[in-house]
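First comes the structure, then the notes that go with it.
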Amino acid sequence: MLGKVYLLLYNCCLAFGWSLVLVYTLYELYSTETTTTVYKKVEVALKLSQSLALLEIVHAAVGLVRSSPITTFIQVQSRLVVLWLVLDPVKEVQADFNVPMMICAWSVAEIVRYWYYALSLVDSVPYFLTWARYSFFTFLYPIGVSGELLTIYSILPHVTASGMYSISMPNKLNVSFSYPTFLIIYMLGYFPYLPKLYTHMLRQRSKVLGASSVVESEKKTS
(Lines give C-alpha, C1' and ligand atoms only; values in the text may rest on other atoms or scores of the structure.)
Protein backbone atom coordinates (compact mmCIF):
# COMPACT_ATOMS: atom_id res chain seq x y z
CA MET A 1 0.00 0.00 0.00
CA LEU A 2 2.77 2.45 0.94
CA GLY A 3 4.60 1.57 -2.27
CA LYS A 4 1.50 2.37 -4.31
CA VAL A 5 1.02 5.71 -2.54
CA TYR A 6 4.68 6.56 -3.09
CA LEU A 7 4.50 5.72 -6.80
CA LEU A 8 1.31 7.78 -7.16
CA LEU A 9 3.00 10.81 -5.59
CA TYR A 10 6.17 10.26 -7.61
CA ASN A 11 4.32 10.07 -10.93
CA CYS A 12 2.11 13.06 -10.14
CA CYS A 13 5.13 15.17 -9.14
CA LEU A 14 7.00 14.27 -12.33
CA ALA A 15 3.92 14.96 -14.46
CA PHE A 16 3.70 18.39 -12.82
CA GLY A 17 7.44 18.99 -13.22
CA TRP A 18 7.42 18.21 -16.93
CA SER A 19 4.31 20.35 -17.35
CA LEU A 20 6.28 23.28 -15.94
CA VAL A 21 9.13 22.55 -18.36
CA LEU A 22 6.73 22.55 -21.32
CA VAL A 23 4.90 25.72 -20.23
CA TYR A 24 8.17 27.59 -19.60
CA THR A 25 9.53 26.47 -22.97
CA LEU A 26 6.47 27.48 -24.96
CA TYR A 27 6.11 30.79 -23.10
CA GLU A 28 9.74 31.69 -23.72
CA LEU A 29 9.47 30.81 -27.40
CA TYR A 30 6.28 32.86 -27.73
CA SER A 31 7.40 35.88 -25.72
CA THR A 32 10.92 36.20 -27.11
CA GLU A 33 10.39 34.70 -30.59
CA THR A 34 13.86 33.17 -30.30
CA THR A 35 15.46 30.00 -28.98
CA THR A 36 18.33 31.88 -27.32
CA THR A 37 17.01 31.97 -23.75
CA VAL A 38 14.88 28.81 -23.64
CA TYR A 39 17.41 26.58 -21.89
CA LYS A 40 18.18 29.12 -19.17
CA LYS A 41 14.47 29.59 -18.55
CA VAL A 42 13.77 25.89 -18.06
CA GLU A 43 17.16 24.79 -16.72
CA VAL A 44 16.24 24.16 -13.08
CA ALA A 45 12.91 22.45 -13.75
CA LEU A 46 14.43 20.39 -16.58
CA LYS A 47 17.43 19.21 -14.56
CA LEU A 48 15.28 18.29 -11.57
CA SER A 49 12.58 16.50 -13.55
CA GLN A 50 15.00 14.54 -15.70
CA SER A 51 17.39 13.65 -12.88
CA LEU A 52 14.56 12.28 -10.75
CA ALA A 53 14.07 9.66 -13.47
CA LEU A 54 17.08 7.90 -11.91
CA LEU A 55 14.67 6.71 -9.23
CA GLU A 56 12.92 4.64 -11.87
CA ILE A 57 15.99 2.40 -12.01
CA VAL A 58 15.71 1.95 -8.24
CA HIS A 59 11.98 1.25 -8.51
CA ALA A 60 12.69 -1.53 -11.01
CA ALA A 61 15.61 -2.93 -9.02
CA VAL A 62 13.65 -3.24 -5.75
CA GLY A 63 10.52 -4.58 -7.42
CA LEU A 64 8.21 -1.58 -7.01
CA VAL A 65 7.49 -1.83 -10.73
CA ARG A 66 7.76 -4.78 -13.12
CA SER A 67 10.25 -3.14 -15.50
CA SER A 68 13.76 -4.47 -16.06
CA PRO A 69 16.42 -2.39 -14.26
CA ILE A 70 18.78 -2.78 -17.23
CA THR A 71 16.19 -1.67 -19.78
CA THR A 72 15.18 1.23 -17.56
CA PHE A 73 18.82 2.27 -17.15
CA ILE A 74 19.35 2.29 -20.93
CA GLN A 75 16.27 4.45 -21.45
CA VAL A 76 17.12 6.92 -18.68
CA GLN A 77 20.86 7.31 -19.25
CA SER A 78 20.65 8.70 -22.79
CA ARG A 79 18.78 11.83 -21.72
CA LEU A 80 20.99 12.30 -18.69
CA VAL A 81 24.10 12.12 -20.86
CA VAL A 82 22.67 14.68 -23.28
CA LEU A 83 21.54 16.96 -20.46
CA TRP A 84 24.48 16.85 -18.05
CA LEU A 85 27.46 15.96 -20.26
CA VAL A 86 26.50 17.62 -23.54
CA LEU A 87 24.00 20.45 -23.24
CA ASP A 88 24.74 21.90 -19.82
CA PRO A 89 28.54 22.31 -19.97
CA VAL A 90 28.66 23.76 -23.52
CA LYS A 91 26.83 27.07 -23.36
CA GLU A 92 27.53 27.83 -27.02
CA VAL A 93 24.94 25.28 -28.19
CA GLN A 94 22.20 26.06 -25.67
CA ALA A 95 20.59 28.55 -28.06
CA ASP A 96 20.39 26.14 -31.00
CA PHE A 97 16.94 25.42 -32.49
CA ASN A 98 17.25 21.71 -31.75
CA VAL A 99 17.29 22.33 -27.99
CA PRO A 100 13.66 23.52 -27.58
CA MET A 101 12.63 20.92 -30.19
CA MET A 102 14.17 18.21 -28.01
CA ILE A 103 12.81 19.64 -24.75
CA CYS A 104 9.25 19.91 -26.11
CA ALA A 105 9.34 16.31 -27.34
CA TRP A 106 10.67 15.10 -23.98
CA SER A 107 8.09 17.13 -22.07
CA VAL A 108 4.98 15.99 -23.95
CA ALA A 109 6.11 12.36 -23.87
CA GLU A 110 6.79 12.48 -20.12
CA ILE A 111 3.61 14.35 -19.21
CA VAL A 112 1.56 11.68 -20.95
CA ARG A 113 3.67 8.83 -19.55
CA TYR A 114 3.62 9.96 -15.93
CA TRP A 115 -0.12 10.74 -15.91
CA TYR A 116 -0.75 7.35 -17.49
CA TYR A 117 1.28 5.63 -14.76
CA ALA A 118 -0.36 7.68 -12.00
CA LEU A 119 -3.92 6.98 -13.12
CA SER A 120 -3.10 3.31 -13.76
CA LEU A 121 -2.36 2.98 -10.06
CA VAL A 122 -5.96 3.94 -9.26
CA ASP A 123 -7.50 2.14 -12.27
CA SER A 124 -8.79 5.38 -13.77
CA VAL A 125 -7.00 5.74 -17.10
CA PRO A 126 -9.26 7.34 -19.74
CA TYR A 127 -9.09 5.89 -23.24
CA PHE A 128 -7.62 9.10 -24.70
CA LEU A 129 -4.68 8.93 -22.32
CA THR A 130 -4.08 5.28 -23.22
CA TRP A 131 -4.26 6.20 -26.89
CA ALA A 132 -1.85 9.12 -26.39
CA ARG A 133 0.57 6.95 -24.40
CA TYR A 134 0.80 4.44 -27.23
CA SER A 135 0.47 6.82 -30.20
CA PHE A 136 2.37 10.05 -29.50
CA PHE A 137 5.69 8.20 -29.56
CA THR A 138 5.30 7.71 -33.33
CA PHE A 139 6.26 11.36 -33.87
CA LEU A 140 7.70 12.44 -30.50
CA TYR A 141 10.34 9.71 -30.52
CA PRO A 142 11.89 10.71 -33.88
CA ILE A 143 11.74 14.41 -32.91
CA GLY A 144 13.34 13.82 -29.50
CA VAL A 145 16.06 11.53 -30.83
CA SER A 146 16.83 13.92 -33.69
CA GLY A 147 17.17 16.72 -31.15
CA GLU A 148 19.51 14.63 -29.01
CA LEU A 149 21.72 13.65 -31.95
CA LEU A 150 21.84 17.21 -33.30
CA THR A 151 22.76 18.52 -29.86
CA ILE A 152 25.58 16.01 -29.46
CA TYR A 153 26.82 16.69 -33.00
CA SER A 154 26.75 20.46 -32.50
CA ILE A 155 29.13 20.39 -29.52
CA LEU A 156 31.83 18.36 -31.29
CA PRO A 157 33.74 21.42 -32.61
CA HIS A 158 33.61 23.05 -29.16
CA VAL A 159 34.84 20.04 -27.18
CA THR A 160 37.50 19.31 -29.80
CA ALA A 161 38.88 22.84 -29.62
CA SER A 162 38.70 23.14 -25.83
CA GLY A 163 39.82 19.60 -24.95
CA MET A 164 36.97 19.40 -22.45
CA TYR A 165 36.81 16.09 -20.55
CA SER A 166 39.65 14.70 -22.69
CA ILE A 167 42.85 13.26 -21.22
CA SER A 168 46.02 13.54 -23.27
CA MET A 169 49.34 11.77 -22.98
CA PRO A 170 51.75 11.84 -21.27
CA ASN A 171 50.34 11.68 -17.75
CA LYS A 172 50.97 9.77 -14.52
CA LEU A 173 48.32 7.16 -15.25
CA ASN A 174 49.60 6.66 -18.79
CA VAL A 175 46.06 6.69 -20.21
CA SER A 176 44.32 8.86 -22.76
CA PHE A 177 40.68 9.64 -23.43
CA SER A 178 39.13 11.58 -26.29
CA TYR A 179 35.75 13.05 -25.38
CA PRO A 180 34.88 13.89 -29.03
CA THR A 181 35.59 10.28 -30.03
CA PHE A 182 33.44 9.04 -27.14
CA LEU A 183 30.57 11.27 -28.32
CA ILE A 184 30.86 10.02 -31.90
CA ILE A 185 30.78 6.39 -30.72
CA TYR A 186 27.88 7.24 -28.41
CA MET A 187 25.94 8.74 -31.34
CA LEU A 188 26.58 5.66 -33.48
CA GLY A 189 25.25 3.53 -30.62
CA TYR A 190 21.80 5.05 -31.17
CA PHE A 191 21.33 3.46 -34.59
CA PRO A 192 21.27 -0.30 -33.84
CA TYR A 193 19.09 0.25 -30.76
CA LEU A 194 16.50 2.70 -32.11
CA PRO A 195 14.81 0.50 -34.76
CA LYS A 196 14.41 -2.34 -32.26
CA LEU A 197 12.87 -0.07 -29.64
CA TYR A 198 10.59 1.65 -32.14
CA THR A 199 9.40 -1.71 -33.52
CA HIS A 200 8.77 -2.97 -29.98
CA MET A 201 6.71 0.14 -29.22
CA LEU A 202 4.66 -0.35 -32.39
CA ARG A 203 3.90 -3.92 -31.33
CA GLN A 204 2.89 -2.71 -27.88
CA ARG A 205 0.64 -0.12 -29.48
CA SER A 206 -1.20 -2.74 -31.52
CA LYS A 207 -1.54 -5.02 -28.51
CA VAL A 208 -2.74 -2.38 -26.02
CA LEU A 209 -4.94 -0.26 -28.28
CA GLY A 210 -6.47 -3.33 -29.86
CA ALA A 211 -7.48 -4.63 -26.43
CA SER A 212 -8.66 -1.17 -25.32
CA SER A 213 -10.88 -0.84 -28.39
CA VAL A 214 -12.58 -4.14 -27.56
CA VAL A 215 -13.19 -3.01 -23.98
CA GLU A 216 -14.61 0.34 -25.12
CA SER A 217 -16.95 -1.41 -27.58
CA GLU A 218 -18.18 -3.77 -24.88
CA LYS A 219 -18.89 -0.81 -22.56
CA LYS A 220 -20.93 0.93 -25.24
CA THR A 221 -23.01 -2.15 -26.03
CA SER A 222 -23.62 -3.18 -22.43
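The values are calculated or read from the model by the stated rules, or taken from the named source; none is laboratory data. The shown structure was predicted, so the numbers you read here are calculated from the model rather than taken from an experiment. Cβ placement follows ideal geometry from the backbone for every residue including glycine, while neighbour counts extend to all protein chains displayed. Ligands, DNA and RNA are excluded from the accessible area calculation, which covers all protein heavy atoms including side chains. Shrake-Rupley method; radii C 1.70, N 1.55, O 1.52, S 1.80 Å.
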- Query: Considering the range 175-188 alone, what residues qualify as being free of Cβ contacts under 8 Å to residues at least 60 places away in the same chain, in contact with a helix residue (DSSP H, G or I) (Cβ under 9 Å, 6 or more places away or on another chain) and either closer than 19 Å to residue 79 by Cβ or among the hydrophobic types (A, V, I, L, M, F, W, C) (or both)?
  - Reply: 179, 184, 187
- Message: Looking only at residues that are within 15 Å of the chain's Cα centre (by Cα) and of a type in the set (Lys, Arg) in the range 41-99, which one is surrounded by the most Cβ atoms within 10 Å (Cβ to Cβ)?
- Response: 79
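Go through 170, 192 for me and flag whichever is open to solvent by 50 Å² or more (accessible area, probe 1.4 Å), without any contact (Cβ under 8 Å) to a residue 24 or more places away in the chain and closer than 17 Å to residue 75 by Cβ.
Numbers: 170 fails: closer than 17 Å to residue 75 by Cβ.
Going through 170, 192 in turn, just one is open to solvent by 50 Å² or more (accessible area, probe 1.4 Å), without any contact (Cβ under 8 Å) to a residue 24 or more places away in the chain and closer than 17 Å to residue 75 by Cβ: 192.
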- Query: What is the residue count in the range 100-125 for residues that are crowded, with 18+ Cβ neighbours inside 10 Å and among the hydroxyl-bearing types (Ser, Thr, Tyr)?
  - Reply: 4
- Task: Determine which member of the set 48, 85, 64 is modelled with pLDDT of 95 or more and in contact with a helix residue (DSSP H, G or I) (Cβ under 8 Å, 6 or more places away or on another chain).
- Result: 48
- Residues of the range 168-197 satisfying the condition of being among the basic types (Lys, Arg) and assigned to a loop (DSSP other than H, G, I, E, B): 172
- Message: For the range 17-40, give me each residue that is more than 25 Å from residue 118 (Cα to Cα), crowded, with 16+ Cβ neighbours inside 10 Å and of a type in the set (Ser, Thr, Tyr).
- Response: 35, 39
- Which numbered condition residue 193 misses (of (1) in contact with a helix residue (DSSP H, G or I) (Cβ under 9 Å, 6 or more places away or on another chain); (2) of a type outside the set (Asp, Glu); (3) at pLDDT 90 or above): (3)
- Quick one: in the range 114-169, which of the residues that are within 19 Å of the chain's Cα centre (by Cα) and among the charged types (D, E, K, R) is nearest to residue 90 (Cα to Cα)? 148
- Message: If I go through the range 1-16 residue by residue, how many of them are part of a helix (DSSP H, G or I), modelled with pLDDT under 95, open to solvent by 90 Å² or more (accessible area, probe 1.4 Å) and not charged (D, E, K, R)?
- Response: 1
- Task: Assess whether residue 128 counts as being out of contact with any Phe, Trp or Tyr (no Cβ under 8 Å at 6 or more places or on another chain), open to solvent by 50 Å² or more (accessible area, probe 1.4 Å) and touching a residue at least 12 places away in the same chain (Cβ under 8 Å).
- Result: no
- Task: Under 6 Å between Cβ atoms, at least 6 apart or on separate chains: pull out the pairs that start in the range 197-216 with a residue that is modelled with pLDDT under 90 and end on any residue that is among the charged types (D, E, K, R) and open to solvent by less than 70 Å² (accessible area, probe 1.4 Å).
- Result: none
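Only one residue in 116, 165 is part of a helix (DSSP H, G or I), aromatic (Phe, Trp, Tyr) and either under 24 Å from residue 76 (Cα atoms) or modelled with pLDDT of 95 or more (or both), so which one is that? Walk me through it before giving the result.
Numbers: 165 fails: part of a helix (DSSP H, G or I).
One residue alone meets the criteria, 116.
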